[in-house]
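Down below is the structure, laid out as structure tokens.
The values are calculated or read from the model by the stated rules, or taken from the named source; none is laboratory data. A quick note: this is a predicted structure, and the numbers were derived from the prediction, not measured. FYI the Cβ positions are ideal-geometry reconstructions off the backbone, even for glycines, and counts take in every protein chain you see. Protein only, heavy atoms only, side chains kept; ligands, DNA and RNA dropped before computing areas. Shrake-Rupley method; radii C 1.70, N 1.55, O 1.52, S 1.80 Å.
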Amino acid sequence: MRYLPLKDTDRAAMLEKVGAATIDDLFVDVPEEARLDGPIDGLPMHASEMAVERHMRRLSKKNLAAADAPFFLGAGAYRHHVPASVDHLIQRGEFLTAYTPYQPEIAQGTLQMLFEFQTQVARLYGCAVANASMYDGSTACWEAVAMASRVARGKKKKVVLSGALHPHYAEVVRTMAKFTEDEIAGAPPSLTPRPDDDGLIARIDDNTSCVVVQYPDILGRIPDLQRIADAAHAKGALLIVVNTEPVALGAIEAPGNLGADIVVGEGQAIGVGLQFGGPYLGLFAVKDEKHVRMMPGRLCGETVDAEGKRGYVLTLSTREQHIRREKATSNICTNSGLCALAFSVHMTLLGEKGLRALAAENHRLACLAADRLAAVPGVTLLNEHFFNEFTLKVGRDARALVRELADKGILAGVSLGRLYPDSEGLDDALLVALTETTSEEDIQTLCDALTEALS
């Protein structure tokens, strides 16, 4: 059916049908001060396609792209090399046109991919079951908290957040908890060489439904998960582990093997790319199969058809679109299917040996950078342990320093003062991340720039 713009008579007939005299009557519920009374100042009414393209190209040249500068940004989003074959495979028509795997008879490829994706995530996290993905790491973190409350049957309402949990994740939890009456027990981040595991454990009590810990944490440190898990379980609480850098699990132990009950995280680092902040990929897994029906989102399962041939189906879909709202575990609408596919393709290309080799190279470069940067006058390395991300004390306002170096074409890291604008004592802390995309020349460039900026 061809699209034809409405005529004035068509509009008049529609307005008459709904009982409105003019189009403006349709917006009477919008406060008058929020309505435009004319064109937006400085915005042209229209332009040709070529003119718009030229204008957008001029604007894009003002950006400093990750690939065009020494790049040390992390804090939950990481620049890794994504093989060209990943993009090629996810653009195959079979994947791009299969909207959603409701009908197994026409979506076997998508369902099989999600089944394999779930297997990869479960193995990566050291868990029994993983779902078919979620929107991103922060919302997956909240869904884990909500699941812990369901496991506790609402009898425990305290949620203990590590002070070293990514502040954006913590903010999502606090926002959603306003609607569930969960008590969020947070803490400020501690600028110490090791995570404050003692302080975290001290806040766990008999009313605690779950403890949320990031691994590695927002400062790049490695908490003692087994010790925290033992303390949580002694009080009948679940341990939720958040991982924002999945490549780290090629070098450090899987959280599920260290006592974690629920493991969630951000899968962006494998296969997805930075993409100006999204869309990203939430990962969600549980250690014990007895909790599988408490999980949010979708799960794909393997079965056989009437002829005994292997096939794939949606095994569980505990969401509002499938079951009654009061029985739903989440109001999540869908999974991040295309990003999950990219993750799964990249992980398959790497394999276990490739992931471990990638992790080793990330760690090697981070150790090299940490040693060189710590030798710069005025710079102190905070961490005792780290994977590919660590915190530096630079002796001056780190936000201003980051801006100064960005103006020189160096993306030096993330200021903790930017992440925690209301916390004291973090202004001179700089979070630095390295991946296999960082060259030794880039490291030396940052060292020279810091030496000059701090002299």
- Query: Under Stokes-Einstein, with the Kirkwood radius over Cα pairs standing in for Rh, what whole-number D in µm²/s applies to segment 128-282 at 20 °C and 1.002 mPa s?
  - Reply: 139
- When DSSP assigns beta bridges and you keep just the ones with both residues in the chain, what percent turn out antiparallel, to the nearest 5? 55
- Note on the structure: In the structure shown, of 157/290; 62/178; 158/353; 178/287, the pairs separated by more than 31 angstrom at the C-alpha atoms are 62/178; 158/353
- Query: Along each of its three principal axes, how wide is the spread of alpha-carbon positions in segment 141-190, in whole angstrom units, largest first?
  - Reply: 32, 15, 15
- For all pairs of alpha-carbon atoms in segment 29-134, what percent lies in each bin of width 5 Å, listed from the first bin to the last filled one? 2, 8, 9, 10, 12, 11, 11, 12, 12, 9, 4, 1
- Write down the radius of gyration of segment 68-208 and its Dmax, each obtained from C-alpha positions, in Å. 19.6, 55
- Task: Along each of the three principal axes of the Cα atoms of segment 241-325, give the extent in whole Å, ordering the values from largest to smallest.
- Result: 43, 34, 33
- Message: Starting from 0.36 nm per residue, how many nanometres of slack lie between residue 368 and residue 123 once their C-alpha separation is accounted for?
- Response: 85.2 nm
- Taking the Cα centre of the chain as origin, sum charge times position over the Cβ atoms of Lys and Arg (+1) and Asp and Glu (-1), and report the length of that vector in debye to the nearest 20. 940
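In segment 1-137, what percent of the accessible surface is made up of carbon and sulfur (1.4 Å probe, ligands and nucleic acids excluded)?
The computed percentage sits at 58.
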- Message: Going by amide H atoms built from the backbone, whose H comes under 5 Å of the H on residue 129, apart from near neighbours?
- Response: 286
- Task: Measure out, as a whole number of angstrom, how far apart the alpha-carbon centroids of segment 333-370 and segment 187-223 sit.
- Result: 26
- Rg from C-alpha atoms of segment 100-165, normalised by the globular rule of thumb 2.2 N^0.38 Å, equals 1.44
- Using R₀ = 22 Å, calculate the FRET efficiency as 1/(1 + (r/R₀)^6) where r is the Cβ-Cβ separation of residue 408 and residue 437; round to 0.05. 0.65
- May I have the pair-distance distribution P(r) for segment 183-275, computed from all Cα-Cα distances with 5 Å bins from 0 and rounded to whole percent? 3, 13, 24, 24, 18, 10, 5, 2, 0
- Task: Compute from the Cα atoms of segment 318-455 the Rg and the Dmax, the latter being the longest Cα-Cα distance, and quote both in angstrom.
- Result: 20.3, 64
- Item | For residue 280, solvent-accessible area (1.4 Å; no DNA, RNA or ligand), Å² | 30
- Message: For the full complex of protein chains and a 1.4 angstrom probe, list 88, 80 by accessible area with the highest value first.
- Response: 88, 80
- Task: Would you mind getting the Kirkwood hydrodynamic radius of segment 220-379 from its Cα pairs, rounded to one decimal in Å?
- Result: 18.7
- Report the accessible area of residue 176, computed with a 1.4 Å probe over the heavy atoms of all protein chains in place, in Å² rounded to the nearest 10. 70
- Note on the structure: For segment 1-133, averaging the sequence separation of alpha carbon pairs under 8 Å that lie six or more residues apart and dividing by its residue count, the contact order in percent is 8
- Message: At q = 0.22 Å⁻¹, what log₁₀ I(q)/I(0) does segment 1-62 have when each alpha carbon counts as one equal point scatterer in the Debye sum?
- Response: -0.97
- Message: Restricting the calculation to Cα positions, tell me the Rg (one decimal) and the Dmax (whole number) of segment 217-269 in Å.
- Response: 11.2, 34
- Please identify the helices of the chain, taking whole runs of DSSP H, that span at least 18 Å along their own axis as judged from the Cα atoms and have a mean Kyte-Doolittle score of -1.0 or higher. 108-125, 137-151, 337-374, 440-454
- Query: How high is the relative contact order of the chain, in percent, counting Cα pairs under 8 Å that sit 6 or more residues apart?
  - Reply: 20
- Message: Could you compute how much accessible surface residue 85 exposes when probed at 1.4 Å, giving the result in Å² to the nearest 10?
- Response: 50
- Packing-based order for 121-128, 368-375, 392-399, using average beta carbon neighbours within 10 Å, highest first: 121-128, 392-399, 368-375
